Amino acid sequence: MRAVDLIRKKRDGHELSGEELGFLIRGYSEGSIPDYQMAAWAMAVYYQGMNARETADLTMHMASSGDMIDLSSIHGIKVDKHSTGGVGDKTTIVLGPLVASAGVPVAKMSGRGLGHTGGTIDKLEAISGFSVELDQEQFFSQVNEIGLAVVGQSGNMTPADKKLYGLRDVTATVDSIPLIASSVMSKKIAAGADAIVLDVKTGSGAFMKTLEDSIRLAKAMVDIGTQVGRSTIAVISDMDQPLGFGIGNALEVKEAIATLRGEGPPDLAEVCLILASHMLILGGKASSEEEARALLQAKLDSGEALNSLKRMVEAQGGNAAQIDQPDQLPAAELQVEVKAEKAGYVESIQAEEIGIAAMLLGAGRETKDSVIDLAAGLILHKKIGDYVEAGETIAVLHLNRAHEDRLEEARSKVLEAYGITESKVPRRPLVFALVTPEGIKRF
Ligand code: URA
């Protein structure tokens, strides 16, 4: 087999066999296929696409390129959740404890932030002493004991995806639906879950800006899961504005704690309930969304969901007192209000601009070696549909003096992110569609 023939075959719109895709992924991983040939193949896929069978084969070759985690020693149906990313998305910190308290074991591997703000692992490190590095034995026994563990990804998971993603990033081939779907699903499959709930974001702050593209991506991922024997469903949720009010590591942990207390922002609480309901259904703990919601609400009301977070924090060496008293979490030296320049209704909040503002204040990594300031970030005071007076506070910036030189830039970003109009703006739906192996249900 020669790479050039496979590139030509895909370029001309033909299907590649599983064996041919395996040859490409193995060759690229080992170094016998060079970057330029893999880039040419990725561009051919960008234009010609791949069918569901090819996408599933590519996924499995990437999943098996490194460690495949075997979760079989953990009792019960292990359900994982993946969000395609966005600003202010702290759902994992709410969902893990919530779902675990309802009896579905959560053995979660999460990433650090690649974009403007921290990832789940960075956020959890705002809790003092919390360790995200457990060895496999500790990881499994913690989930068997308390139902929940969240750790960093193992160093050698899906190396082929890592290499290919890096190449796609510099060859304008990231935004290909089959390549994104196989990249995301290869990591989920290698992480070992039996079932997967995907939260595919749509809107200005999401990878996929339009609903139709988001549905296409969701369908490609659900098809992969189904083909490889992992029950998979996808919820299409809004990312046309940040989720919740807080953006930044400790600020997001505080908001997740508030949500587990039943006092969180309505949009975050609702998205978490929807995702958690599907996790319960796939985990065999409920047979309908209504039944799942009732069970989850009971776990929130009784404090068991919050308690589940506390137990995980304790088990992973963190200071659980910070969960009871979130004001003990890192706090910034300065809080600076950003005031609206004109009156009107908020019609848009560019999530990416808000993410950049948070990064300028220190909440994210500007380069891959930057050190995150766990206390930094911002709290939005107005969301889409709200009325704002001229001079009223729309957001509060949280920063330490070390980042004071970026204050004005961050303030301008926040002001630029807000679109304000004179006419009333309807609230946006939170969830647009549900994609299951049976079909697509639009709301
Ligand atoms: N996230 C991933 O993990 N892979 C992609 O290709 C795009 C987004």
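The values are calculated or read from the model by the stated rules, or taken from the named source; none is laboratory data. Not measured: the values here are computed from a predicted model. Glycine also receives a Cβ, built like all others from the backbone with ideal geometry; neighbour counts cover every protein chain displayed. When the accessible area is computed, the model is the full protein with side chains, heavy atoms only, and any ligands, DNA or RNA have been set aside. Shrake-Rupley method; radii C 1.70, N 1.55, O 1.52, S 1.80 Å.
Shape index of the range 80-165: Rg/Rh, with Rg the Cα radius of gyration and Rh the Kirkwood radius from the inverse mean 1/r over Cα pairs, equals 0.96.
At 20 °C and 1.002 mPa s, what whole-number value in µm²/s does Stokes-Einstein give for the translational diffusion of the range 47-115, with Rh from the Kirkwood sum over Cα pairs?
Estimated via Stokes-Einstein, D reaches 143 µm²/s.
Computed over the chain, relative contact order equals 19 percent, with contacts defined as Cα pairs under 8 Å that lie 6+ residues apart.
Applying the Karplus relation 6.51 cos²θ - 1.76 cosθ + 1.60 with θ = phi - 60° to the range 343-355 yields 3J(HN,Hα) values of 8, x, 9, 6, 9, 7, 9, 5, 4, 5, 5, 5, x Hz, where x marks Gly and Pro.
When a 1.4 Å probe is rolled over the protein heavy atoms, the share of accessible surface on the range 263-334 that falls to carbon and sulfur comes to 46 percent. Cross-link reach is defined here as a Cα-Cα straight distance under 23 Å, omitting same-chain residues fewer than 8 places apart; for LYS342 the lysines meeting it are LYS382, LYS383, LYS413, LYS424. Considering only LEU211, GLY229, GLN241, and ranking their Cα positions along the charge dipole of the range 203-243 that arises from unit charges at the beta-carbon of Lys, Arg, Asp and Glu, the one farthest toward the positive end is GLY229. Across the range 169-180, rounded Karplus estimates of 3J(HN,Hα) from the backbone phi angles (6.51 cos²θ - 1.76 cosθ + 1.60, θ = phi - 60°) give 4, 10, 10, 6, 10, 5, 7, 10, 4, x, 6, 5 Hz, Gly and Pro being marked x.
What fraction, in whole percent, of alpha-carbon pairs in the range 273-362 exceed 21 Å separation? Across the range 273-362, Cα pairs with separations above 21 Å total 62 percent. Qualifying GluC sites (Glu not before Pro) in the range 397-443, where qualification requires a DSSP coil assignment and no more than 15 other C-beta atoms within 10 Å, comprise GLU422, GLU438. Note on the chain: GNM, Cα springs under 10 Å; of PRO265, PRO242, PRO178, the largest mean-square fluctuation is that of PRO265.
For the range 77-225, take the alpha-carbon Rg, divide it by the Kirkwood Rh, and send me Rg/Rh.
Expressed as Rg/Rh, it is 0.96.
One way to sum up the overall shape of the range 1-141 is the equivalent ellipsoid from its Cα gyration tensor, whose semi-axes run 37, 18, 15 Å, largest first. Given a 10 angstrom Cα cut-off, can you work out which residue in VAL235, VAL170, VAL253 is the most mobile in a GNM of the chain? Of VAL235, VAL170, VAL253, the Gaussian network model singles out VAL170 as fluctuating most. Listed by chain and number, the lysines whose alpha-carbon sits under 24 Å from that of LYS285, ignoring those within fewer than 8 places in the same chain, are LYS78, LYS81, LYS90, LYS108, LYS188, LYS299, LYS310, LYS441.
Applied to the range 159-164, the Karplus parametrisation 6.51 cos²θ - 1.76 cosθ + 1.60 on θ = phi - 60° returns per-residue 3J(HN,Hα) values of x, 5, 5, 4, 5, 5 Hz, with x for Gly and Pro.
Per residue, how much accessible area does the chain have with a 1.4 Å probe, in Å²?
Details: 17770 Å² over 443 residues.
That works out to 40 Å² for each residue.
Jot down the per residue volume, in cubic angstrom and as a whole number, of the convex hull over the alpha-carbon atoms of the range 349-406. It comes to 90 Å³ per residue, whole-number rounded. Restricting attention to the range 123-255, close to 0% of DSSP beta bridges with both partner residues there are antiparallel.
DSSP loop (so not H, G, I, E, B), at most 12 other Cβ within 10 Å: list which trypsin sites (Lys or Arg not before Pro) in the range 314-418 pass both filters.
Working: sites: LYS339, LYS342, ARG365, LYS368, LYS382, LYS383, ARG401, ARG406, ARG411, LYS413; in loops: LYS342, ARG365, LYS368, LYS382, LYS383.
For trypsin sites (Lys or Arg not before Pro) across the range 314-418 that sit outside H, G, I, E and B with at most 12 neighbouring Cβ atoms in 10 Å, the list reads LYS342, LYS368.
Diffusion of the range 190-327 by Stokes-Einstein, at 25 °C in a medium of 0.890 mPa s and with Rh set to the Kirkwood radius over alpha-carbon pairs, works out to 148 µm²/s. Give me the log10 of I(q) over I(0) for the range 345-443 at q = 0.15 Å⁻¹, as the Debye formula computes it from C-alpha points; what are the numbers? Each listed q corresponds, in turn, to -0.70.
The eigenvalues of the Cα gyration tensor, multiplied by 5 and square-rooted, give the range 281-329 an equivalent ellipsoid with semi-axes of 28, 12, 7 Å from largest to smallest.
Kirkwood hydrodynamic radius of the chain from all distinct Cα pairs, in Å? Show your work: numbers first, answer last.
Working: mean 1/r = 0.0445 Å⁻¹.
The answer is 22.4 Å.
In the elastic network of the chain, a GNM with C-alpha springs shorter than 10 Å, the most mobile of ASP175, ASP240, ASP223 is ASP175.
Here the range 291-443 is assigned +1 on the Cβ of each Lys and Arg and -1 on the Cβ of each Asp and Glu. Its dipole about the Cα centre then comes out at about 620 debye. A straight Cα-to-Cα reach below 12 Å connects LYS254 with the aspartates and glutamates GLU263, ASP324, ASP327, residues fewer than 8 places away in its own chain not being considered. If you filter the range 131-228 for GluC sites (Glu not before Pro), then keep DSSP loop positions with at most 12 other Cβ within 10 Å, what is left? Passing sites in the range 131-228 are GLU133.
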